[in-house]
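To start, the structure under review is shown below, and the notes come after it.
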Amino acid sequence: MKTIQVCIGLFMLAVVPFGCSDDDIVDDVVVPDAEETGTFLEQDLHVLYLSRQDDLIAEEIASIEEELANDPDNQDLQGQLEELEGRREANTEQINFLNEQIEEIVGDLAVRPRVPRLPPVPPPPLPCTCFTDVEFSRLQQILLAGNAEGFSVTVFTENQEVIAEFGNLTDFEDTGLQVISLDEPIDFQGNVTIQISKFFEPIGDITTYSIEGNINL
């Protein structure tokens, strides 16, 4: 693996940072974060998104449970709680599916980019899903494992202006991964949204999710 620097490790659901030991060195190259290399694994980004969704759902559940403690016979609140618990269960299943994909990649290749850390969710009232700490200044390429049907990546400004175009998916060396790369470096500074679409096996359809971050040139 000569074109990127990568790191062994499993992504933790709590999205905690992890470091590289002596065993985490590939060809004697110490591995920096994905934010530093500009190379991200799509499954990591998807887990970041779903992990934040899990945090937000958990906050909503806690809020409704608090209301139910004062009004235990409220059928409307009971229905909301059941719906949220169902969403959280499905969300957890999707996270587990992605983590299994990541583990398989690590097991087969013993390498992968490290992902950025997310801050804790602030207390209610709940904000939108925002990943303002994700640094995309060096974004160059995104690796994908698995089904590539419908895979696309678009970078928008806050005004919905498209500022980055990605080329076609190509095989990434002999890793079994595919890679999509920027046609040209991003000439923009400020807050951005990265929107990713792909076929997602757990739902049997195309899914689209967005991650907010920033670019500082």
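When D54, D76, D44 are checked against the criterion of being part of a helix (DSSP H, G or I), open to solvent by 40 Å² or more (accessible area, probe 1.4 Å) and at pLDDT 50 or above, D76 stands alone in meeting it.
Checking each residue of the range 101-110 against the condition of being closer than 17 Å to K198 by Cβ, in a helix (DSSP H, G or I) and modelled with pLDDT of 85 or more gives at least one match. Residues that are free of Cβ contacts under 8 Å to residues at least 40 places away in the same chain and open to solvent by 30 Å² or more (accessible area, probe 1.4 Å) within the range 136-164 comprise F156, E158, N159, Q160, E161, V162, I163, listed in sequence order.
Considered as a group, the residues in the range 171-207 that are in a strand (DSSP E or B) and free of Cβ contacts under 8 Å to residues at least 12 places away in the same chain include one that is most open to solvent (accessible area, probe 1.4 Å), and that residue is D171. Take the conditions of a type in the set (K, R), at pLDDT below 65 and open to solvent by 50 Å² or more (accessible area, probe 1.4 Å) and apply them to R117. Does it pass? It is true that R117 is of a type in the set (K, R), at pLDDT below 65 and open to solvent by 50 Å² or more (accessible area, probe 1.4 Å).
The values are calculated or read from the model by the stated rules, or taken from the named source; none is laboratory data. These figures come from a predicted structure and were not determined experimentally. Ideal geometry is used to build each Cβ from the backbone, glycine not excepted, and the neighbour counts take in all protein chains shown. When the accessible area is computed, the model is the full protein with side chains, heavy atoms only, and any ligands, DNA or RNA have been set aside. Shrake-Rupley method; radii C 1.70, N 1.55, O 1.52, S 1.80 Å.
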